[in-house]
Amino acid sequence: MTDRLSAAVAFTAIPKISRDQWEASGMFSRWMIASRAAVLVMTFSSAALAGALALLDGTFQLLPWLLCTLGLLLAHATNNQLNDYTDSVRGIDSGNYFRTQYGAHVLEDGLLTKGQLQGYVAATGTAALGIGLLLLWYVGPQLLLPLLTGAFFLLFYTYPLKQLGLGEPAVLLVWGPLMTGGSYLATTGTWSWPVALVGTVYALAPTAVIFGKHIDKLNFDAQKGVRTLPVRLGADASLKLVAVMTLMLYAAILGITATGMLPWTTLLVLAALPDAVRLIRATREPRPVSCPEDYPASAWPLWYVAFAFVHARSFGLLFLCGLLLAWPARAAGLLDT
């Protein structure tokens, strides 16, 4: 890694960086690091799925989709910044906590002051809110409920929802009907329950990611009094739930495609099965005590979440590609019009 951290690196990883590297990096790279931008791909997938479904319906409008996607990415970034700020102020992230071991924590590593991170939160959150209000004006009052619901989860996910064991169900709701259904509503001006259902199916993948993360740091959270759902359920039950969610994901895709609600090209997601198998296999084995020799040292101590994230990323992108392939397939007469 060079002294100057590129935005591309910040977009594809959550790197540990030195003070000198931070100072040498540009403002956009710093923002990406503070926002943990590498995980924003899951939010993009939710919005992109809604756009692809609107394209298939013939109701796609480019401008509102672009605005909605950008607004969601900024909202997710705001939540990540607020998460680090809240957990640091509450003392959760101090004392070599799990969060500080796998990537830069701008407060705990002394890269930003509390006031500076507050500025990041304010600027990113204001931009997201501005886009939301613009969409509300453009689309109409039917977008108000999704906007208010999204704002609620953004502000209260870290505390108290995560503390109450409701963080994981919140991820399922946000990445499913709220993001995908809401993005479709913003793009077309119409709410669609089938689209919300498809979004909820996809959201099983990001939900497995947050489960994996909270299982990885279960002991740390228990010591700090953070009562996530894996802390409440225990590691064994939580790992079984991750495996079940992953299997449900493919069963649901096969079932929905069989009904004709999704084009058969959606079955491209089956190419993500090797990643799913690796994830399920990981849930059936004990977590290593130290970093295995064949495992990237830069990713340690992330373990279950790493397998879940790789799967969620590949599944989401393949899902999107499968939907996009429906157009040439339809033009070639391989799909019903």
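Going toward the positive end of the dipole of the range 36-331, with +1 on Lys and Arg Cβ and -1 on Asp and Glu Cβ, which of Leu173, Ala48, Leu107 do you reach last?
So the residue furthest toward the plus end is Leu173.
So between Ala329 and Leu62, what do we pick up on full extension, going 0.36 nm a residue minus the alpha carbon distance?
93.9 nm
Given that compact globular proteins tend to follow 2.2 N^0.38 Å, what is the ratio of the alpha-carbon Rg of the range 75-220 to that value?
On the way: Rg = 16.6 Å, N = 146, 2.2 N^0.38 = 14.6 Å.
Compactness ratio reported: 1.13.
Could you line up Ile210, Ile14 from fewest to most neighbouring Cβ atoms inside 10 Å? Mind dumping the intermediate values first?
Values: Ile210 26, Ile14 20.
Ranking Ile210, Ile14 by Cβ neighbours within 10 Å, fewest first, gives Ile14, Ile210.
Which angle from 0 to 90°, rounded to the nearest 10, does the C-alpha axis of helix 273-283 make with the longest principal axis of the chain?
Once rounded, the angle reads 40 degrees.
Below 20 Å, Cα to Cα, which aspartates and glutamates can Lys162 reach? Residues fewer than 8 away in the same chain don't count.
Within reach: Asp84, Asp87, Asp93, Asp216, Asp221, Asp236.
Using helices alone, I'd like the mean residue ellipticity at 222 nm for the chain: each DSSP H run of four-plus residues gives -39500 (n - 2.57), total over residue count, nearest 500.
-21000 deg cm²/dmol
Over all directions, how big on average is the projection of the convex hull of the alpha-carbon atoms in the range 180-325, in square nanometres?
Result: a mean projected hull area of 10.3 nm².
Excluding same-chain residues fewer than 8 positions from Lys16, which lysines have a Cα within less than 22 Å of its Cα?
Lys114, Lys213, Lys217
Below 8 Å, C-alpha to C-alpha, sequence gap of six or more: please give me the relative contact order for the range 36-331 in percent.
Relative contact order of the range 36-331: 22 percent.
Only counting other Cβ atoms within 10 Å, I'd like Val195, Val89, Val310 sorted with the fewest neighbours first.
Placing the least packed residue first, the sequence is Val89, Val310, Val195.
In nm, what is the difference between 0.36 nm times the number of residues separating Leu133 and Leu148 and their Cα-Cα distance?
4.3 nm
If you fit an axis through the alpha-carbon atoms of helix 235-259 and take the longest principal axis of the Cα set of the chain, what angle between them do you get, 0 to 90°, nearest 10?
Computed tilt is about 20 degrees.
With charges set only on the Cβ (+1 for Lys and Arg, -1 for Asp and Glu), what does the dipole of the range 240-327 come to about its Cα centre, in debye to the nearest 20? Could the numbers behind the result be given before it?
Details: 6 positive and 4 negative charges, 39 e Å.
Result for the range 240-327 is approximately 180 debye, rounded to the nearest 20.
Put +1 on the Cβ of every Lys and Arg and -1 on every Asp and Glu Cβ in the chain; which of Met27, Ala243, Gly322 then has its Cα farthest towards the positive end of the dipole?
Looking along the dipole axis, the top candidate is Ala243.
What is the spread of the Cα atoms of the range 23-140 along each of their three principal axes, largest first, in whole Å?
53, 30, 25
Take every Cα pair under 8 Å in the range 37-98 that's 6+ residues apart, average their separations, divide by the length, and report that relative contact order as a whole percent.
After rounding, I find 37 percent.
With +1 on each Lys and Arg Cβ and -1 on each Asp and Glu Cβ, how big is the dipole of the chain about its Cα centre, in debye rounded to the nearest 20? Walk me through the numbers before you get to the answer.
Numbers: 21 positive and 18 negative charges, 73 e Å.
In debye, rounded to 20, the chain gives about 360.
So how tilted is helix 193-216 from the main axis of the chain? Cα-based, degrees 0 to 90, rounded to 10.
Taking Cα atoms only, the helix is inclined about 20 degrees.
When a footprinting reagent is the concern and you count Cβ atoms within 10 Å, what order do Asp57, Asp84, Asp216 take, fewest first?
Values: Asp57 15, Asp84 27, Asp216 22.
With the sparsest Cβ surroundings first, the list reads Asp57, Asp216, Asp84.
Towards the positive end of the charge dipole of the range 36-331, with charges on Cβ (+1 Lys, Arg; -1 Asp, Glu), say which of Ser94, Leu197, Leu279 has the farthest Cα.
Leu197
How many nm is it between the label spots at Asp109 and Leu155, if each spot is 7 Å from the Cα in line with the beta carbon?
It is 3.0 nm.
FYI, it's all coordinate maths here, none of it is from the lab. Bear in mind that the values here come from a model prediction, so they are computed numbers and not experimental data. Backbone-built Cβ (ideal geometry, glycine too); neighbour counts: all protein chains shown.
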